[in-house]
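Contents: one structure, followed by commentary.
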Amino acid sequence: MDENKEKSFEKREELIKVAMNEFGEKGYENASLNNILKEVGISKGTFYYHYKNKEDLYMHLIDIITEEKLKFISARMGSINFNEDVFTILRNLMKNGMKFANKNPNISKFTQGFVKDWGTPIHNEIFRRYFISRADFLKDITKKYGFENMDYISDLIEIAYERGEIRKDLPKEFVKKIINHLFINLPQIVSSNNLNEYELAANYLIDFIKNGLVKD
């Protein structure tokens, strides 16, 4: 994020709403910046003062969603019983994530396009650049909302090993990597634009992981 420019102007909120819908309906590659600016009613000069290009706008939307989601989940952490087994905790965190998506229609719309784009070469490249360019931002907001880092799954696996909830014959780092890989690539497995179907698939995945990892 360019810290030297304040991304705040008269039609900022309208731009964010329209852009989320455009990217959600058409995906990143097919989304039209011209269509977004025309619908919002702002000039290219105004846009390019605040954003470098379409990719910068897309990344800014991810910034907004990431912070809003962390804020939403952080406010509900008290409702999660961390004395329960790690798979129940993971399921409850996932449910909070789905509640967040359903509570925010614009974000939900963007997420549909995000899921469809997942795994494509252009999306992989944008995400690679995102984590490099937004490293300081992501570090700051995780601390702001009380999280150690963005990789909460690995943290939960550490807890599960400490409690003896996962088979000791499975290497910890392998388990972390395979679970993260499965959750990250779930959109490709599900191939669904429906958030309810996605939630159901996520529950299936948690059951699948649990049956393979828990001690007899």
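Any read-out appearing in this document is the output of simple, stated calculations on the displayed coordinates, not a laboratory observation. Bear in mind that the values here come from a model prediction, so they are computed numbers and not experimental data. Every residue, glycine among them, receives a Cβ derived from its backbone with ideal geometry; neighbour counts consider all protein chains shown.
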Report the calculated FRET efficiency for I178 and N149 (r = Cβ-Cβ distance, R0 = 22 Å), to the nearest 0.05. 0.70
Most fluctuating of S108, S74, S43 in the GNM of the chain (C-alpha, under 10 Å) is S43
May I ask you to compute the full-extension gain from N53 to R12, defined as 0.36 nm times their residue separation minus their alpha-carbon distance, rounded to one decimal in nm? 13.2 nm
Just tell me, in residue order, which DSSP H segments of the chain are both 20 angstrom or longer along the helix axis (alpha-carbon based) and at least -1.0 in mean Kyte-Doolittle hydropathy. 54-75, 86-103, 195-213
How much length would be gained if the chain were fully extended between N196 and N83, taking 0.36 nm per residue of separation minus their Cα-Cα distance, in nm to one decimal? 37.9 nm
Specify, per residue and in Å³, the volume enclosed by the convex hull of the alpha carbon atoms belonging to the range 57-213. 120 Å³
Of K109/K172; K44/K103; K11/K103, pairs whose Cα-Cα distance is over 28 Å: K109/K172; K44/K103
Taking the dipole about the Cα centre of the range 17-116, with the C-beta of Lys and Arg at +1 and of Asp and Glu at -1, give me whichever of L57, M20, N83 is farthest to the positive side. M20
Those lysines that a straight Cα-Cα span of less than 28 Å connects to K168, excepting residues fewer than 8 apart in one chain: K176, K177, K210, K215
Determine the dipole magnitude for the chain: charges of +1 sit on the beta-carbon of Lys and Arg, -1 on that of Asp and Glu, nothing else is charged, the reference point is the Cα centre, and the result goes in debye to the nearest 20. 160 debye
